[in-house]
Ligand SMILES: Cc1cc2nc3c(=O)[nH]c(=O)nc-3n(C[C@H](O)[C@H](O)[C@H](O)COP(=O)(O)OP(=O)(O)OC[C@H]3O[C@@H](n4cnc5c(N)ncnc54)[C@H](O)[C@@H]3O)c2cc1C
């Protein structure tokens, strides 16, 4: 594998990818296997040859590996690291020009209960509370075996990341949770870039081959046993690569126009926060092998999306104290309710959009706001009145809303909407800020069915031999509604499990 120094180079690749992926439905592999690629994307592909970003040179491709991992997001890279640490030779194929997937875009953090980080900060939490609140958020429809495994391994996942140099020791809270259990980087910055950089470093340190522009188009099997894939690298002729196991970590389908239309025609026309490669390829390939796809209609709409570019305004902004107001400057919802409820409240407004309102204190605690400001999404005023004027709101209504809110914070009693969390600080430190938002497609809860060993199940609920899956490609864990912060936890917890279980399977052959 061609090795290169990491650091600024990697960060710039991640940032370039982040920006390049901020397009709305521009690439869709449902188009008969062909991809419609935007001009930004084309430029990306021509300017980043596979080895240029430090990825493995296509000339180094072998005809077989122990384990093939499809997709270099958080779940795929985690699985690869575990498989390598178990003594095997995995390979990762990534269809985009850079590693990272939606994981690069994740912002608010990673949930985990009963962690050393929580204990050090005097927070008393329990896996049972995490289980119950996630089940309630998922409307009781979550796969409870997966959920039990998830909460019970969440603290270990934070420790495992730390052992690999990825430190998540700053806590915030997301909607539907009663405790600060959302772990993020020490300085409170967005989790995705930091996590992907750390995982890529670990992949490289272990010399795990990672091919980009490597589009897997089918999974091969022989007499019911999975034994390789067909992959097209750099647009060249497809090659069959053999393996003793395949781990599918291709992410969700939030950027697939065709699948959104098929499963939720009511959502056609919504912007998406997803990267362009999130087109449900893994689900389609697994269905062809007889695997089950479940909960496909359960698509999460995120309440706070900047509409022009489909940029998610992370939940940490509300988790650090922001409120939502309508175009009259009035609150209308418990901002920390679950995503489906907050989205429904915004959609019910005549203007179908709202403003996130926050102060300098929130800005300092949620570092991602600096990025939103650089993109030009943040409107500011020295006083609430000045901000209201810029937003064309009645001048005094915003300051009246903030006064009432600050009294609720002081009394820890929100009589208007029963908000009980993220009420640690008043909104009273100049400057004052607003970001205009509306709901957008964000996360696909549905996907392939697995058991707690990450084995993919067929329609009779039996494992397909040699086939594993983890991450957003999987359905069931989140039920009808995902709690913010639970997906990054899922990709590390089940990515680890997929790496360990596929390795154990290959060793036992
Ligand atoms: C804007 C945004 C913010 C978010 N913030 C948070 C957050 O703060 N906390 C949280 O818990 N969750 C968050 N999420 C959700 C979370 O980031 C994702 O669900 C999670 O990262 C998915 O990880 P993954 O590894 O399963 O998939 P991904 O990270 O999407 O990786 C899948 C990879 O597979 C590749 N791939 C797909 N098909 C093929 C193929 N045929 N061949 C080869 N490669 C293929 C894709 O290109 C991609 O790189 C956020 C999501 C978005 C979009």
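Here are a few things to note about the model shown:
- Along each principal axis, taking the top coordinate minus the bottom one, the Cα set of region 301-441 gives 36, 29, 28 Å in descending order.
- Highest to lowest packing among 172-181, 293-302, 198-207, 487-496, scored as the average C-beta count within 10 Å: 487-496, 172-181, 293-302, 198-207
- Taking every C-alpha pair closer than 8 Å and separated by at least 6 residues, the mean separation divided by the residue count of the chain gives a relative contact order of 23 percent.
- Euclidean distance of C-alpha centroids, region 207-233 and region 402-417, integer Å: 55
- Among beta bridges from DSSP that stay inside the chain, the antiparallel ones total about 70%.
- Taken over the chain, the ratio of Cα radius of gyration to 2.2 N^0.38 Å equals 0.94.
- Taking only the Cα atoms of region 110-190, the radius of gyration and Dmax are 12.5, 36 Å.
- Relative contact order, percent, region 437-509 [alpha-carbon distance under 8 Å, six or more residues apart]: 31
- Listed peptides 446-454, 99-107 by packing density, highest first (mean Cβ within 10 Å): 99-107, 446-454
- Residue-span extension gain [residue 128 to residue 462] - 0.36 nm each, minus C-alpha spacing: 117.4 nm
- Taking every DSSP helix (H) stretch of at least 4 residues in the chain, weighting each as -39,500 (n - 2.57) and dividing the sum by the residue count yields a mean residue ellipticity at 222 nm of -10000 deg cm²/dmol.
- Available extension along the chain between residue 238 and residue 389 is 48.5 nm, counting 0.36 nm per residue and deducting the alpha carbon span.
- Förster radius 45 Å - calculated FRET efficiency between residue 413 and residue 163 (Cβ-Cβ, nearest 0.05): 0.60
- Spin-label pair residue 400/residue 309, simplified geometry with 7 Å Cα→Cβ offset, distance in nm: 3.6
- Debye log10 I(q)/I(0) at q = 0.13, 0.14 Å⁻¹ for region 49-197, Cα point scatterers: -0.70, -0.79
- Fewest neighbouring Cβ atoms within 10 Å first, the residues 339, 184, 331 line up as 331, 339, 184.
Bear in mind these aren't lab numbers, they're just calculated from the coordinates by the rules spelled out. Computed from a predicted structure; not experimentally measured. Here the Cβ is made from the backbone with ideal geometry for all residues, glycine too, and neighbour counts use every protein chain on show.
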